[in-house]
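Comments concern the structure below.
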Amino acid sequence: MAQNIERVEAVMTAAPVIPVLVVDDPKKAVPMARALVKGGLPGIEITLRTPNALECIRAVAAEVEGALVGAGTVLDHAQYEAAVKAGSTFIVSPGATDNLFKAAEDFPEVPLLPGVSTASEVMYALEAGYQRLKFFPAVPAGGIPMLKGLASPLAAAKFCPTGGISLQNARDFLACPNVLCVGGSWIADSKAIDEEDWAGIEERARAAAALTA
Ligand code: 3PG
């Protein structure tokens, strides 16, 4: 079954940036997500890299109006299912495997944004019916020259580059015709979350939301 492009694009085009978050405390995840939404970034990715990440997703999904909360660093079918049950509206993975494609088929209402970093991986994803992809890790994997190189031969693929993106280079990535949005941790890094710097997070979200190509 092909990717649910309409649903994944709704997240990718909600704002120019998808914040990537590592958060472990639901009591912090909720005000963090409120600050991001208030700053203009509704689509947020909570990575499954902490013991309570699913609880954080559950809390944000239940309590933060306007948030499109997704799960990131989803590596297998079991994590996909758990993330869906916690209330995720989209799923992001650093890579692409048949198991993940199967999970996406089993939960068609919650779209998958699979990760790729080479031409062959893009071709593999396209063959599986996936045209909206995370380009990861964006800067180490070749950055803007690589995206430009992929644009003509693999024109159906559109990307969310993530990994090494900052406020400084985001605009150049967004100017690539095959880039729909970028992802990054700079808006709400672990330090800002630990220190409960909601005002700072909102301010960085506002600057990110104002980025246009
Ligand atoms: C990650 O894996 O944490 C994301 O790709 C974010 O990368 P970044 O910290 O370079 O923005």
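Across the stretch 104-117, the qualifying residues are those that are within 16 Å of the ligand (Cβ to nearest atom) and in a loop (DSSP other than H, G, I, E, B), and the one among them that is nearest to GLU81 (Cα to Cα) is PRO114.
For the stretch 118-126, the condition of being outside any helix (DSSP H, G or I) and in contact with a helix residue (DSSP H, G or I) (Cβ under 6 Å, 6 or more places away or on another chain) holds for none of the residues. Among the residues of the stretch 4-26, the ones that are surrounded by 18 or more Cβ atoms within 10 Å (Cβ to Cβ), of a type in the set (Val, Ile, Thr) and assigned to a loop (DSSP other than H, G, I, E, B) come to 2 in all. Of all residues in the stretch 15-74, those satisfying the criterion of being touching a Ser or Thr at 6+ places or on another chain (Cβ under 7 Å) and of a type in the set (D, E, K, R) are ASP24, ARG49. Take ALA71 and tell me if it is modelled with pLDDT of 95 or more, open to solvent by 10 Å² or more (accessible area, probe 1.4 Å) and among the hydrophobic types (A, V, I, L, M, F, W, C). Here the answer is no, as ALA71 does not meet what is asked.
Screening GLU202 with (1) more than 16 Å from the ligand (Cβ to nearest atom); (2) outside any helix (DSSP H, G or I) gives one miss only, at (2). Could you tell me whether TYR124 is out of contact with any Lys or Arg (no Cβ under 6 Å at 6 or more places or on another chain), aromatic (Phe, Trp, Tyr), more than 30 Å from GLU65 (Cβ to Cβ) and surrounded by fewer than 20 Cβ atoms within 10 Å (Cβ to Cβ)? Here the answer is yes, as TYR124 does meet what is asked. Examine the stretch 135-149 for a residue that is in contact with a strand residue (DSSP E or B) (Cβ under 9 Å, 6 or more places away or on another chain), away from the ligand (no atom under 16 Å from the Cβ) and within 25 Å of SER88 (Cβ to Cβ), and state whether such a residue exists. No, because not a single residue in the stretch 135-149 is in contact with a strand residue (DSSP E or B) (Cβ under 9 Å, 6 or more places away or on another chain), away from the ligand (no atom under 16 Å from the Cβ) and within 25 Å of SER88 (Cβ to Cβ). The number of residues in the stretch 172-189 that are near the ligand (Cβ under 10 Å from one of its atoms) and either of a type in the set (Lys, Arg) or open to solvent by less than 60 Å² (accessible area, probe 1.4 Å) (or both) comes to 5. Total residues in the stretch 81-103 satisfying the condition of being under 22 Å from PRO42 (Cβ atoms), open to solvent by less than 60 Å² (accessible area, probe 1.4 Å) and part of a helix (DSSP H, G or I): the figure is 2. Candidates ALA199, ALA208, ALA175: the one that is small (Gly, Ala, Ser), in contact (Cβ under 8 Å) with a residue 60 or more places away in the chain and under 21 Å from LEU133 (Cα atoms) is ALA208. Could you go through the stretch 142-159 and let me know if any residue there is assigned to a helix (DSSP H, G or I), open to solvent by less than 50 Å² (accessible area, probe 1.4 Å) and closer than 18 Å to THR13 by Cα. No, the stretch 142-159 contains no residue that is assigned to a helix (DSSP H, G or I), open to solvent by less than 50 Å² (accessible area, probe 1.4 Å) and closer than 18 Å to THR13 by Cα.
For the stretch 202-212, a residue qualifies if it is open to solvent by less than 60 Å² (accessible area, probe 1.4 Å) and either touching an Asp or Glu at 6+ places or on another chain (Cβ under 9 Å) or of a type in the set (D, E, K, R) (or both), and exactly one does: GLU202. Would it be correct to say that ALA29 is of a type outside the set (Lys, Arg), more than 14 Å from the ligand (Cβ to nearest atom), part of a helix (DSSP H, G or I) and open to solvent by less than 10 Å² (accessible area, probe 1.4 Å)? So ALA29 fits the description; yes.
The values are calculated or read from the model by the stated rules, or taken from the named source; none is laboratory data. Computed from a predicted model, the values in this text were never measured in an experiment. Note that each Cβ is placed from the backbone with ideal geometry, even for glycine, and that neighbours are counted across all protein chains shown. Note: areas computed on protein heavy atoms with side chains; ligands, DNA, RNA excluded. Shrake-Rupley method; radii C 1.70, N 1.55, O 1.52, S 1.80 Å.
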